[in-house]
Amino acid sequence: MSDAASAPAPGAPGGVFDLAFYRRMHALVQAWQGLGEIPADRLPCAEDRAACERLLHTEARLIDALRLEAWLALFTEDCAYWIPADVSAADPARVVSWEFNDRRRLEERVERLEGGRAFSQIPITRTTHLYSNIEMLISGADGMEVLCNFMIQTNLCGRVSQRAGWNGFLLRRTAAGWRIVLKRISLFDADLAQHNNSFTL
């Protein structure tokens, strides 16, 4: 699991995800899905666990407050934001994803949402993110893997709905504190038609 869990980086200049990157992501998610009891030597110390929990809580709060530039600042330059379109942890190089964004694409997404150019989000979806069942595993000297369940309550033009599933995060300790390298959003119903999911999950 240690090779797959190393913090990912785009495989080519300009943030392009190469085949090796997809293979690492596939192996990582398979390892997460096969996880049993976390070995004692991979449990983080209380200080690191508290810091990583604060990062997740901040990330969710900034989304709900629509402070998306501040939210993006929590991600590394070589980050990935991934929403698969399947529930079987299939190889992302072979199956479609709802989204698989690098930092540049996330910056464009934030600019569209905050600049009023994301027309499917006029008016913008209001959300409340809840994270629970948070588990953490040490990944190398300065990495952390985090698994959690999520519930997202949404309101778009008075139409209230919910999204549920689990998130997989890869975090990295940086000079600025812990930052997000990967956010994988595993929707409970990812293999079904998604209506307007163009807000930030």
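Quick note: the coordinates plus some simple rules give every number you see, no bench work behind them. Owing to the predicted nature of the structure, the values given are computational and were not obtained by experimental measurement. Ideal geometry is used to build each Cβ from the backbone, glycine not excepted, and the neighbour counts take in all protein chains shown.
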Check: Given a Förster radius of 25 Å and the C-beta distance between residue 54 and residue 151 as r, what FRET efficiency does 1/(1 + (r/R0)^6) yield to the nearest 0.05?
Finding: 0.80
Note to self: Quick check: the angle from helix 103-114's long axis to the longest principal axis of the chain, C-alpha only, nearest 10 degrees?
What the structure shows: 30
Next item on the list: Compute the length gained on full extension between residue 37 and residue 111: take 0.36 nm times their separation in residues and subtract their Cα-Cα distance, giving the result in nm to one decimal.
Entry: 22.5 nm
Notebook entry, point to check: With axes computed from alpha carbons, what is the tilt in degrees of helix 46-64 against the longest principal axis of the chain, rounded to the nearest 10 within 0 to 90?
Noted result: 10
Check: Using alpha carbons only, how many degrees (0 to 90, rounded to 10) separate the axis of helix 19-33 from the longest principal axis of the chain?
Finding: 80
Item checked: Per-residue ³J(HN,Hα) for the range 165-177, Karplus 6.51 cos²θ - 1.76 cosθ + 1.60, θ = phi - 60°, Hz, x for Gly and Pro -> x, 9, 10, x, 10, 10, 10, 10, 7, 10, 4, 8, x
Next item on the list: On a C-alpha basis, how far is the centre of the range 44-82 from the centre of the range 111-188 in Å? Whole number, if you could?
Entry: 8
Notebook entry, point to check: Let a ≥ b ≥ c be the square roots of the eigenvalues of the Cα gyration tensor of the range 50-168; is it rounded (a/c under 1.5), or, if not, prolate (a/b larger than b/c) or oblate?
Noted result: rounded
Next item on the list: Note down the magnitude of the dipole of the range 27-98 about its Cα centre, charges +1 on Lys and Arg C-beta and -1 on Asp and Glu C-beta and zero elsewhere, to the nearest 20 debye.
Entry: 140
Item checked: Which of 166, 76, 66, positive extreme of dipole for the chain (C-beta unit charges) -> 66
Margin query: With n ≥ 4 as the cut-off for DSSP H runs, can you work out [θ] at 222 nm for the chain, using -39500 (n - 2.57) per run divided by the number of residues, rounded to the nearest 500?
Written below: -8500 deg cm²/dmol
Notebook entry, point to check: What FRET efficiency, computed as 1/(1 + (r/R0)^6) with R0 = 22 Å and r the Cβ-Cβ distance, is obtained for residue 128 and residue 189, rounded to the nearest 0.05?
Noted result: 0.70
Next item on the list: Could you rank the peptides 172-182, 93-103 by their average count of other C-beta atoms within 10 Å per residue, with the highest value first?
Entry: 172-182, 93-103
